[in-house]
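Take a look at the structure set out below.
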Amino acid sequence: MIEAIKKLVIKAIKQAKNRDDLEIIKREFCKTYKLSAITNAQILKTYKELVNKHKVNKSQSFEKLLRKRSIRTLSGIAPVAVLTKFYPCPGNCAYCPHQKDVPVSYLSNEPAVMRAIRCAYHPYKQVVWRLKALENNGHEPTKMEVIVIGGTWSYLPKRYKYWYILNCFRAANDFNKIKKEQKGEDLVLNKIKLPYSQKLSQKKLEEYLKIEQKKNEKAKYKIIGLTLETRPDYINEDELEEMRDLGCTRIEVGVQAIDDKILDLNKRGHGVKETVMATLLMRRYGFKITYHLMPALPGSTPAKDYAMFKKIFSDSRFQPDQIKFYPTVVVKGSLLYKWFKQGKYKAYTNKQLQDLIIKCKKIVPPYVRIIRLIRDIPGESIEAGNKITNLRQIMKDRGVKCNCIRCREAKEEVLKKWQINVKEYQAAEGREFFISVDSDDNKTLYGFCRLRLDEKSKISPAIIRELHVYGELTSVGTDGKVQHLGLGKELIKKAEEITRAHKIKKISIISGVGVRDYYRKLKYQLKDGYMVKKL
């Protein structure tokens with residue numbers, strides 16, 4: 001079989017112009033050599049071996065054909081989702097399922113949960129496993145955003161939180177060495193040595209975390225973003241300072257709705273005022289903010305959902321940077337399931353939900369990114385509610401025009417003529433500047449920077465909350481179609497110009513650990529977890 005795949009690689013590099021061509025060649029070789037199947041992961045592994053032995057020339061176009069779910073790294077960063085183990089939840093929300101030994105609100109057959117269970121919820125194993133899976137599928141996850149899911153992060157014990165993130169950084173730092181030690185297509189999980197024990201003292205955990213963070217600044221596999229998810233009522237200054245110490249750059253908060261009656265009916269445990277205060281504090285500390293929104297909750301209607309969505313972007317107290325649509329679904333193990341069986345709750349029809357999302361997408365501001373339209377819950381677990389998994393494609397087929405960041409980002413496009421645009425808006429008692437690099441016709445977004453001016457901020461009166469250049473993920477030190485062509489420097493330069501124009505002499509950046517060196521080259525210095533520069 002190995003010889004067959006070698007011959008396939010040599011032929012496919014020359015003849016396969018697209019994925020259909022590759023599939024034809026694969027079928028031909030399966031028939032000739034009487035093989036049941038040849039996977040892209042097997043082809044990719046053999047291809048890399050042949051390249052290393054100089055038997056074939058490196059081909060980016062061929063690598064692209066082998067890449068599974070290429071969209072994963074077309075935003076410029078490889079997402080690495082990891083799950084915390086089960087802990088009691090501070091809430092008792094009507095819609096959340098409860099399963100034994102699974103974090104509240106999650107199901108044991110969700111893909112992310114199945115991966116976590118296989119790794120015994122250990123963060124080190126999860127990061128290593130995910131990075132290997134990405135590489136097996138043709139990606140190069142040298143710049144990653146670690147996304148920690150599992151419920152209310154802020155409710156977890158402090159020692160567990162530091163131990164968890166410490167092991168995430170160590171896994172990224174060790175991954176290159178682990179690959180060399182365990183040659184082969186798949187990693188053997190039980191052979192992976194676990195570095196840090198949960199028995200370590202808080203002082204030791206903090207000490208080791210700083211060491212691993214410092215190493216990651218120079219590591220091949222860099223954590224350039226860290227996302228934590230929590231509830232609005234658990235956000236305070238102490239919590240945000242701890243999150244920064246861990247290296248967090250983005251916070252996802254379960255807002256669900258901005259109507260106290262709906263929140264109360266669903267036993268959410270907090271109201272709108274907590275969301276408003278959390279949003280204000282997160283902005284003042286420079287975090288990027290993602291709202292989880294749940295249309296179709298008990299007590300709501302499509303008209304109410306749409307009105308709330310409009311208010312989120314017309315009321316300056318809110319204005320999230322990103323949103324995730326999690327349409328309400330009924331699953332066993334939740335109070336909502338009992339209400340549904342009793343006839344007290346009726347789910348939206350597919351048409352009602354699609355029409356609502358279309359209306360919402362039409363009014364999304366250009367400085368907002370819609371990350372997801374549905375939660376990744378298997379259809380067999382859904383008793384009522386949305387079961388459509390390709391909502392985004394359905395929206396596209398219906399000709400829906402959306403101005404959100406995700407719908408405009410460059411993806412595989414080559415950088416052409418571009419211009420810098422600045423959009424100013426009020427948000428949470430401060431002024432926000434969305435500085436973007438766009439194509440001449442403003443249809444394609446190549447990159448952007450979020451600058452906030454706020455005299456009451458404890459961090460800095462001027463803070464860059466996000467810098468992002470789009471296009472296919474390109475490793476540090478290499479050229480790309482959009483990344484590493486100087487757009488980031490142009491965006492920061494513009495942010496500094498705006499800051500100076502407002503007579504502010506200091507600017508800070510909430511930087512991911514893995515990109516600190518990038519900002520050092522622009523004369524920023526690390527201070528209290530932020531990259532700082534005097535203007």
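Here, each number is a calculation from the coordinates, and none is a lab measurement. In this text the structure is predicted, and so the values were computed from the model without any measurement. Positions of Cβ are generated from backbone atoms using ideal geometry, with glycine treated the same way; all protein chains shown enter the neighbour counts.
The ALA303 and LYS456 beta-carbon pair, evaluated with R₀ = 41 Å, returns a calculated FRET efficiency of approximately 0.65.
Pull up the DSSP beta bridges for region 277-407 and report the antiparallel fraction as a percent, rounded to 5. Percent antiparallel among DSSP bridges in region 277-407 is about 30. Distances between placed amide hydrogens fall under 5 Å for LEU485 paired with no residue 5 or more residues away or on another chain. If I take all pairs of Cα atoms in the chain, what percentage of them are more than 31 Å from each other? Summing the P(r) of the chain above 31 Å gives 50 percent of all pairs. Residues of region 327-350 with an amide N closer than 15 Å to a point placed 7 Å from the Cα of LYS100 along the Cα-to-Cβ direction: 333.
If the viscosity is 1.002 mPa s and the temperature 20 °C, what Stokes-Einstein diffusion coefficient in µm²/s follows for region 2-66 when Rh is the Kirkwood radius over Cα pairs? Translational D for this selection: 184 µm²/s. With both labels modelled 7 Å from their Cα along Cα-to-Cβ, the LYS521 to ALA37 distance reads 4.2 nm. Bridging of LYS362 to aspartates and glutamates at a Cα separation below 18 Å is possible for ASP305, ASP315, ASP321, ASP397, GLU409, once same-chain residues fewer than 8 apart are set aside.
Every pair of different Cα atoms in region 233-370 enters the Kirkwood calculation, which places the hydrodynamic radius at 16.0 Å.
Positive end of the charge dipole of the chain (Lys, Arg +1 and Asp, Glu -1 on Cβ, about the Cα centre): tell me which of ILE289, PHE433, ASN18 has its Cα farthest that way. Result: ASN18. With a Förster radius of 60 Å applied to the beta-carbon distance between ILE420 and SER201, the computed FRET efficiency rounds to 0.75.
For region 120-244, the square roots a ≥ b ≥ c of the C-alpha gyration tensor eigenvalues yield an a/c of 1.5 or more together with a/b exceeding b/c, which makes the shape prolate.
Approximating the spin labels as points 7 Å out from Cα along Cα→Cβ, the LYS215-to-MET1 distance works out to 3.5 nm.
Over 24 Å between C-alpha atoms is what I'm after, so list which of LYS304/LYS351; LYS55/LYS180; LYS351/LYS401; LYS26/LYS191; LYS17/LYS48 land there.
LYS26/LYS191, as the Cα separations exceed 24 Å there.
Among the listed pairs LYS203/LYS458; LYS125/LYS423; LYS6/LYS214; LYS53/LYS489; LYS53/LYS222, those with a Cα-Cα distance over 32 Å are LYS125/LYS423; LYS6/LYS214; LYS53/LYS489. For LYS58, the aspartates and glutamates whose Cα falls under 20 Å of its own Cα, not counting residues fewer than eight places away in the same chain, are GLU3, ASP21, GLU49, GLU135, GLU140, GLU185, GLU412, GLU472, ASP479.
What separates the Cα centres of region 257-278 and region 313-375 is a distance of 15 Å. Residue by residue, region 349-364 carries 3J(HN,Hα) couplings of 6, 4, 5, 4, 5, 4, 4, 5, 5, 4, 5, 5, 4, 5, 10, 5 Hz when phi is fed to the Karplus relation 6.51 cos²θ - 1.76 cosθ + 1.60 (θ = phi - 60°); x denotes Gly or Pro. Over the C-alpha atoms of region 418-534, the Rg to Rh ratio, Rh being the Kirkwood estimate, stands at 0.96. Sequentially through region 168-181, phi angles give Karplus couplings (6.51, -1.76, 1.60; θ = phi - 60°) of 5, 5, 4, 5, 5, 5, 8, 4, 4, 5, 4, 4, 6, 6 Hz, Gly and Pro residues having no value and appearing as x. Sorting LYS506, LYS344 by the number of Cβ atoms found within 10 Å of their own Cβ, with the fewest placed first, yields LYS344, LYS506. Our note on the geometry: Cα centres of region 201-216 and region 434-470, 31 Å apart.
Under a 5 Å amide H cut-off, with hydrogens placed 1.01 Å from N, MET531 pairs with ILE509, SER511 among residues at least 5 apart or on other chains. Spin-label model, ASN190/SER314: points 7 Å from Cα along the beta carbon direction are separated by 6.1 nm.
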